[in-house]
Each structure stands twice: as C-alpha cells, then as structure tokens.
1. Which of the listed residues, Ala15, Gly37, Gly47, is farthest toward the dipole's positive end in the chain, when Lys, Arg count +1 and Asp, Glu count -1 at the beta-carbon?
2. Rounded to whole Hz and in sequence order, give me ³J(HN,Hα) for region 32-37 from the Karplus expression 6.51 cos²θ - 1.76 cosθ + 1.60, θ = phi - 60°, writing x for Gly and Pro.
3. Arrange the peptides 69-81, 42-54 so that the one whose residues have, on average, the most other Cβ atoms within 10 Å appears first.
4. Calculate, for the chain, the solvent-accessible area per residue in square angstrom, rolling a 1.4 angstrom probe over the heavy atoms of the protein chains.
5. Compute the relative contact order of the chain as a whole-number percentage, counting only Cα pairs closer than 8 Å that sit 6 or more residues apart in sequence.
6. Can you tell me the Rg and Dmax of region 9-52, counting just the alpha carbons, in angstroms?
7. Which distance in nm do the two modelled labels at Leu56 and Lys27 give, with both placed 7 Å along the Cα-to-Cβ direction?
8. Ignoring ligands, DNA and RNA, what percent of the 1.4 Å accessible area of the chain is carbon and sulfur?
Amino acid sequence: MTISVVIPVADNETAHERLLESLAAIKPLHEIIPVQGASRAAAMNQGAAQATGDYLWFLHAAIRVDGKLVTALTSSIHAAPDALPYFELHFCD
C-alpha cells in the first residue's frame with residue numbers, strides 16, 4: 001500500500017514548507033506532491049494526475065502532521081480499504 005500526498009499551494013504561500021519538513025520524516029508515504037500556482041481545485045486535480053500511489057491524501061498547506069496521524073490513516077485503510085477515511089481537525093493558537 002502506498003500513499004501519495006497532494007498539497008495545493010497558493011502563489012506566495014510559505015506555510016507548506018513546515019508541512020514538507022514534517023512529512024519528509026514520516027513513512028510509509030510514497031510521494032509528496034506540492035502543486036503551486038493554480039486554483040485549489042485545479043491544483044488538487046493536477047496533483048492527483050501526477051500521483052502514482054495506491055491512495056491519495058489531500059492536505060492543506062498550513063496543516064501539521066505527525067507519525068500518529070499517518071499510523072491512524074494506514075490502520076484505517078487496512079481495516080476498510082474501500083472506505084473514505086476522514087479525521088476531525090483541532091485548531092490551536
């Protein structure tokens with residue numbers, strides 16, 4: 001099972017840099033695809049077209065991810081491969 005991460009990035013946005021750093025250390029992500037310069041929907045479509053993983057994971061550029069979240073995602077996929085997993089977001093100051 002491989003996961004392709006697609007990150008739509010707005011022009012002049014830098015929030016994705018911290019996300020890319022945190023994702024680089026997490027396994028079993030197959031590939032990380034930041035797509036910049038298009039509308040969010042167009043960027044998501046472009047990233048999905050480039051992806052080669054078994055599953056797509058779309059992330060907002062400003063989100064923070066850790067290994068626990070990826071473990072929960074992979075466990076969810078293994079338990080129900082045809083389901084559409086989602087996670088509740090919590091906002092911090």
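1. Gly47
2. The phi angles translate into 10, 10, x, 10, 10, x Hz.
3. 42-54, 69-81
4. Numbers: 6030 Å² over 93 residues.
That works out to 65 Å² for each residue.
5. Normalised by residue count, the contact order of the chain is 37 percent.
6. 11.1, 29
7. Inter-label distance under the simple model: 2.7 nm.
8. Details: 3270 of 6030 Å².
C and S fraction of accessible area: 54 percent.
The values are calculated or read from the model by the stated rules, or taken from the named source; none is laboratory data. All values reported here derive from a predicted model rather than from experimental measurement. Here Cβ is always computed from backbone atoms with ideal geometry, including for glycine, and neighbour counts include all displayed protein chains. The accessibility values were calculated without ligands, DNA or RNA, using every heavy atom of the protein model including side chains. Shrake-Rupley method; radii C 1.70, N 1.55, O 1.52, S 1.80 Å.
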